[in-house]
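Before any comments, here is the structure.
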Amino acid sequence: MRTRLILVSLLSLCGLCISEECSHELLENVDFPGTDIKSLYSPDVNHCQQLCTQHPSCLFFTFIRPDWTRDNRHFYCYLKSTPSGQPNVQTPLLGVTSGFSLKNCTPDTKPCLSQVYQNVDFLGADYRFLFTSDYEECQRACTQDPGCQFFTFVNGVFTPERIRYKCHLKFSWTIPRIPTIERKAGVVSGFSHKAEKTQSFHTVCQGKLFPRTEIKGNNIETLPAASPEHCQTLCSAHPLCTYFSYTSNDFNCYLKNNPNEMVTISKEGATSGLPARFCQLDNSWVLDAHEGIDFRGSDISYELMDDPDMCQWKCTEDPNCQFYTYANESFFDRNYWRRCYLKRVITIPAPPKVTQLSNVVSGFSLKNCVERV
């Protein structure tokens, strides 16, 4: 009996080893059918693998390559998961490549995306246009512009002729955006103390906030935010945000665009403000713990901790954790007491759509590549 128990224990440990092993292998013309949790666009399989790595739940993926011929689905990145951590089925299929998350491989949280893509359009997310002599100059413009994360360049033989040599600079969120914020008794939520800065400037500034003030209209995006300072950081990161309004009753952060005027009204529970463009915002707001507030979803794991301070410390120490929620002993369900939920979202640049288009070149900012030189 003792020998049998030892054998069972060893088998359990081996199963754990298999589920936690690091696998860089890419399986060409192999499909992991079903078990999809999300689909996104990617220009290549390596970018798709990075999306899977940063998604809180993704364990493996299938990428639809440009040479896929069954239908018009090209550049689709299907993120997948199973309780076992392994695909239920693997089948041969031309035009796809499958692989695994790099979560267990000490993943790079800010990968250098240096590849450029001929005859590929990163459709949408434009915020600025200029004309450049070639795609290399367009990529340099994107790298030097704080708001640019990827680009598409129209070359000299494109039709119609009037937009030849046009460089489209495009925006993607590189700071964490919490999917849902809601009031819930018995929980405490907060951020990693290593939260991403919007930009890196030597000059530090406090930013301008207008308490009990709302700015009507001109919304370009509405996002959940834990505080006015959090909302201000989001506005500062978006190149089209000229000012913002935050409402504390529903945690909504309204990013607004109107470079011509700013009309304010008095309103309790609202705070408005201006972004910081050429200075480093004070990010002391990431140190705050929010009592009775749940940052719902995006869990990567949970551990038992004695108090919220330990949970925040754990999140800060874990390079994958961006924010957290802790359930204390006043939470209504004792099965969740002392659970520290570590959370994250995708922050690598991700085009909203990728399509084939002749005589254009697309690629990413080289900001992360320059930082390593």
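The values are calculated or read from the model by the stated rules, or taken from the named source; none is laboratory data. Keep in mind it's a predicted model, so treat the numbers as computed, not measured. Note that we place each Cβ from the backbone using ideal geometry, even for glycine, and neighbour counts take in every protein chain shown.
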TODO: Can you run down the residue pairs with Cβ atoms below 8 Å, 6 or more apart or on separate chains, where the first is in region 60-75 and in contact (Cβ under 8 Å) with a residue 60 or more places away in the chain and the partner is polar (S, T, N, Q) and in a loop (DSSP other than H, G, I, E, B)?
DONE: Phe75/Ser42
Task: Considering residues of region 172-189 that are of a type in the set (S, T, N, Q) and in a loop (DSSP other than H, G, I, E, B) only, the residue modelled with the highest pLDDT - done: Ser172
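To keep it simple, each residue is scored yes or no on (1) over 21 Å from the mean Cα position of the chain (by Cα); (2) at pLDDT 95 or above.
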| site | (1), (2) |
| --- | --- |
| Gly99 | no, yes |
| Thr106 | no, no |
| Tyr117 | yes, yes |
| Thr143 | no, yes |
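Quick check: anything in region 160-169 touching a Gly at 6+ places or on another chain (Cβ under 8 Å), assigned to a loop (DSSP other than H, G, I, E, B), at pLDDT 95 or above and of a type in the set (Phe, Trp, Tyr)? Explain how you work it out, then say what you get.
First, the residues of region 160-169 that are touching a Gly at 6+ places or on another chain (Cβ under 8 Å): 164-165, 169.
The next check asks that each one be assigned to a loop (DSSP other than H, G, I, E, B); those that pass are 164-165.
Now drop any that are not at pLDDT 95 or above, which leaves 164-165.
Now restrict to residues that are of a type in the set (Phe, Trp, Tyr): 165.
Yes, that holds for at least one residue.
Within region 144-155, restricting attention to residues that are outside any strand (DSSP E or B) and either in contact (Cβ under 8 Å) with a residue 12 or more places away in the chain or among the hydrophobic types (A, V, I, L, M, F, W, C) (or both), which residue is farthest from Pro351 (Cα to Cα)? Talk me through it step by step, then tell me what you get.
The first filter runs over region 144-155 and keeps only residues outside any strand (DSSP E or B), leaving 144-149, 155.
After this cut, where a residue has to be either in contact (Cβ under 8 Å) with a residue 12 or more places away in the chain or among the hydrophobic types (A, V, I, L, M, F, W, C) (or both) as well, the list is 145-149, 155.
Details: Asp145: 17, Pro146: 17, Gly147: 14, Cys148: 12, Gln149: 9, Asn155: 20 Å.
Here the answer is Asn155.
Looking only at strands (runs of 3 or more DSSP E) that fall completely inside region 40-137, which ones have 1 or more residues that are closer than 29 Å to Val157 by Cβ, touching a Ser or Thr at 6+ places or on another chain (Cβ under 8 Å) and in the same structural domain as Ser362 (by TED's automatic domain parsing)?
Working: elements: 60-64, 76-80, 91-100, 116-123, 126-131.
The qualifying strands (runs of 3 or more DSSP E) are 116-123.
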Open item on the list: Against the conditions (1) within 22 Å of the chain's Cα centre (by Cα); (2) farther than 30 Å from Gly186 by Cβ; (3) assigned to a strand (DSSP E or B), where does Ile293 fall short? Just the number, please.
Closed with: (2)
Open item on the list: Return the pair list, or none, for Cβ contacts closer than 6 Å from residues in region 12-35 that are among the β-branched types (Val, Ile, Thr) to residues that are at pLDDT 90 or above, at least 6 apart or on different chains.
Closed with: Val30/Gln90; Val30/Ser98; Thr35/Lys80; Thr35/Thr82
Open item on the list: Among the listed residues Ser245, Ser266, Ser236, Ser298, identify the single one that is more than 23 Å from the chain's Cα centre (by Cα) and of a type in the set (Ser, Thr, Tyr).
Closed with: Ser266
Open item on the list: So, Ser358, is that one modelled with pLDDT of 95 or more, buried (at least 18 other Cβ atoms within 10 Å of the Cβ) and under 30 Å from Leu123 (Cβ atoms) or not?
Closed with: no
Task: Within region 273-290, considering residues that are in contact with a helix residue (DSSP H, G or I) (Cβ under 6 Å, 6 or more places away or on another chain) and in a loop (DSSP other than H, G, I, E, B), the one farthest from Gln232 (Cα to Cα) - done: Ala289
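Every residue, every condition in (1) surrounded by fewer than 19 Cβ atoms within 10 Å (Cβ to Cβ); (2) among the small types (Gly, Ala, Ser); (3) touching a helix residue (DSSP H, G or I) at 6+ places or on another chain (Cβ under 7 Å); (4) assigned by TED's automatic domain parsing to the domain that holds Asp145, yes or no:
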position	(1), (2), (3), (4)
Cys241	no, no, yes, no
Thr271	no, no, yes, no
Arg296	yes, no, no, no
Cys315	no, no, no, no
Asn320	yes, no, no, no
Phe332	yes, no, no, no
Arg338	yes, no, no, no
Lys353	yes, no, no, yes
Task: Flag for Leu287 being crowded, with 21+ Cβ neighbours inside 10 Å and either closer than 30 Å to Trp337 by Cα or hydrophobic (A, V, I, L, M, F, W, C) (or both) - done: no
TODO: Give the number of residues within region 42-53 that are out of contact with any helix residue (DSSP H, G or I) (no Cβ under 9 Å at 6 or more places or on another chain) and either touching a residue at least 60 places away in the same chain (Cβ under 8 Å) or of a type in the set (S, T, N, Q) (or both).
DONE: 7
TODO: Within region 1-34, track down each residue that is more than 14 Å from Phe63 (Cα to Cα) and either modelled with pLDDT of 50 or more or crowded, with 16+ Cβ neighbours inside 10 Å (or both).
DONE: Ser19, Glu20, Glu21, Cys22, Ser23, His24
Task: All positions within region 269-290 that are over 23 Å from the mean Cα position of the chain (by Cα), among the aromatic types (Phe, Trp, Tyr) and within 27 Å of Val187 (Cβ to Cβ) - done: none
TODO: Report whether or not Lys267 is among the basic types (Lys, Arg), on the phi < 0 side of the Ramachandran plot and assigned to a strand (DSSP E or B).
DONE: yes
